[in-house]
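Only one structure is covered here, and it is reproduced in the block below.
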Amino acid sequence: MERRTIFPGWTLPALLLLPQLVISFIFFYWPAAQAIWSSLTREDPFGLSAQFVGLENFADLFADPLYVATIWRTLFFCAAVAALSLGIALLLASFADREIRARGFYRTMLIWPYAIASAMAAVLWILLLHPQIGMLGRALVRAGLNWDYQLNGAQALLMVIIASAWKQISYNFIFLLAGLQSIPKTVIEAARMDGAKGFHRFRTIILPLLMPTVYFLVVVNLVYAAFDAFGTIWALTQGGPGKSTETLVVKVYRDGVVNLDLGSSAAQSVVLMAGVILLTALQFRFLGKKTTS
Amino acid sequence: MASLVLEDLRKSFGATAVLHGIDLTLQSGEMLVIVGASGCGKSTLLRLVAGLEVPTAGRIILDGRDVAPLDPAARDIAMVFQNYALYPHMSVFDNMAYGLRIRGLSKAEIARRVGDTATLLGLETLLQRRPRQLSGGQRQRVAMGRAIVREPKLFLFDEPLSNLDAKLRVTMRAEIRRLQRRMAVTSLYVTHDQVEAMTLGDRLLVLHQGRAVQLATPMEVFERPADTYVAGFIGAPSMNFLPATLSHGGTAATLDLGLVRPFADGRRAGEDGRKLIIGIRPEHIVEAADGLEVQIDLVEPLGSETVLIGRLANGDMLSVKVAGRAQGMESMRVTFPPANLHVFDAQTGLRLDPG
């Protein structure tokens, strides 16, 4: 059902829209336009002059095998974070959806990690996994494993994936729990009467009815892993050792803020922006279809 | 086809007892309607039989086997839900085939059985549709089909018609009765609608506050209600109740309003002066010059008959049903034919029979 409000003039609607438009302009369109402009220029190291170079920054980027490797690394990182956090959140949500004692307590506990700042979460994982001072890290070393995420790239990647996924579990949990609770109880009871048990019932009834929520969360998680996980990664490894945990956003920050190559950094930002726009467009198309079929 | 026996079935939610020991035996192929006001425990009773709730005590014996400890999946019972509970992401075909696939039937067998059931219910052209593309009546049929196609030992109906409009309800009611007779599957049917209760059931179980008040054929429940609750619940408009005392050596009742009514069927036990409640159905009240005066408040013409709602001298409400039209009446004098009186004990509310 569509509800339309007809305004008598254009002043009131314009005023109502104004705050949102101003915020969008200042915090999105203006910097975005600046980024696009910067991506077409090259600055001298002291930031005193800028020279228009066209698409040269982009050409340089895609010719650089390190950048292409970063793209693949980022895709792997995003997929791993989304899969891990969604999987665990789904498991926890299914358990919390049952009739259990102290349900409210569990739910609150599961939502708390979302309120922890990225840097704090990173420190927490360092205190757990550090090979000398971390409880788990020391146990791993004692078990004979050559565990040191500061030296081993694969271990470092694993660690940032776990830490980033952990922070996102709460968010996914809330949505999945709400999704589970919106499935009519009688539909599940009908499936029980039809003889469907445990996992079969979950796979054939609950999961299909939960899919719209899952699609939405996949996109949100990919965007989270691609952008928001920066704080966690930077605090944990700064993209190292070597470049083994350097995702696209980390590289944007390193090239622009640390190495002061503003032109290339801006070009990378524009590529990322295009990525997000693509993801969002996909989501709208997909979810739009899902709700009308 | 199977018989169903409930033995002292009880259910409490925490400290709240919902069912206080239900005993019941259903013959193979019988349709039993469970009727009662909301909150009487009728849906809980059905859900216990289905296995969706665990009984606090008691046994549920289906076809000679106690199924109370079993999961619903292992009971071979099908249920039609009030809101149909169709699987929204599956086609009509898949909705009906779901239970058969779980049972591991061959593709050909599933197609044959779903096809037969669809033909039986007139759903052939809708098999590829999703539930949301169906009307209420069609969804109802699919829900029936999903139950029928499994050929279960027992059918459970949980107010299946209450989401339909009045006209469709009458059609579907007849259809359910026809199907149940034809397939001769033992069935439990829960409703709060007394017309459904009267027309559908071989027998009727009236529940009141978690207790079985009467178990009998619909006509017996109507003609010889076990207590004032059943008497007031079955029949529309409701039976009128008038306070009275036993008199004339137990052969008559003297209404508190003065009218003396002899019993047509014999003497009631007890001392003269025993407090009674006399019940009389609105359609049995007749006009009489020497009867009680009724001030008419409201006239409800129903077409073929008219319901008059009025007040007696002491302010008690009385409804009277008369044939044909009755307009412009302000008062009338009525009496109660002895053959149509129902006699209840005022203290317990139980029916008092002669003897």
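The values are calculated or read from the model by the stated rules, or taken from the named source; none is laboratory data. Bear in mind that the values here come from a model prediction, so they are computed numbers and not experimental data. Cβ sites come from the backbone with ideal geometry, for glycine too, and all protein chains shown count toward neighbours.
Determine whether B:G270 is touching a strand residue (DSSP E or B) at 6+ places or on another chain (Cβ under 6 Å) and surrounded by fewer than 18 Cβ atoms within 10 Å (Cβ to Cβ).
When the stated conditions are applied, B:G270 passes them.
Residues that are more than 14 Å from chain B (Cβ to nearest Cβ) and touching a residue at least 24 places away in the same chain (Cβ under 8 Å), at least 3 per element: which helices (runs of 4 or more DSSP H) completely within the range A:172-228 meet that?
The helices (runs of 4 or more DSSP H) meeting that bar are A:207-223.
Taking the residues in the range B:84-111 that are within 8 Å of another protein chain (Cβ to nearest Cβ) and surrounded by fewer than 16 Cβ atoms within 10 Å (Cβ to Cβ) as candidates, determine which candidate is modelled with the highest pLDDT.
So the residue we want is B:P88.
So A:E246 clears everything in (1) surrounded by fewer than 21 Cβ atoms within 10 Å (Cβ to Cβ); (2) more than 14 Å from every other protein chain (Cβ to nearest Cβ); (3) of a type in the set (D, E) except one condition, right? Which one?
(1)
Working only within the range A:127-149, note down all residues that are assigned to a loop (DSSP other than H, G, I, E, B) and surrounded by 13 or more Cβ atoms within 10 Å (Cβ to Cβ). Talk me through it step by step, then tell me what you get.
Residues of the range A:127-149 assigned to a loop (DSSP other than H, G, I, E, B): A:130-134, A:143-149.
Answer for the range A:127-149, where residues must be assigned to a loop (DSSP other than H, G, I, E, B) and surrounded by 13 or more Cβ atoms within 10 Å (Cβ to Cβ): A:H130, A:P131, A:G134, A:W147, A:D148, A:Y149.
So which residues in the range A:106-125 are free of Cβ contacts under 8 Å to residues at least 40 places away in the same chain and closer than 17 Å to A:Q181 by Cβ, if there are any at all?
Across the range A:106-125, the qualifying residues are A:Y106, A:T108.
Considering each of A:T247, A:T204 in turn, give the residue that is of a type in the set (S, T, Y) and modelled with pLDDT under 90.
A:T247
Among (1) hydrophobic (A, V, I, L, M, F, W, C); (2) at pLDDT 90 or above; (3) farther than 30 Å from A:L158 by Cβ, which single condition is A:F58 missing?
A:F58 satisfies every listed condition except (2).
Right, B:A73: small (G, A, S), assigned to a strand (DSSP E or B) and either buried (at least 23 other Cβ atoms within 10 Å of the Cβ) or within 9 Å of another protein chain (Cβ to nearest Cβ) (or both) or not?
Answer is no for this residue.
Could you look through the range B:52-64, keep only residues that are under 14 Å from B:L26 (Cα atoms) and more than 24 Å from the chain's Cα centre (by Cα), and pick out the one that is farthest from the other protein chains (Cβ to nearest Cβ)?
B:G64
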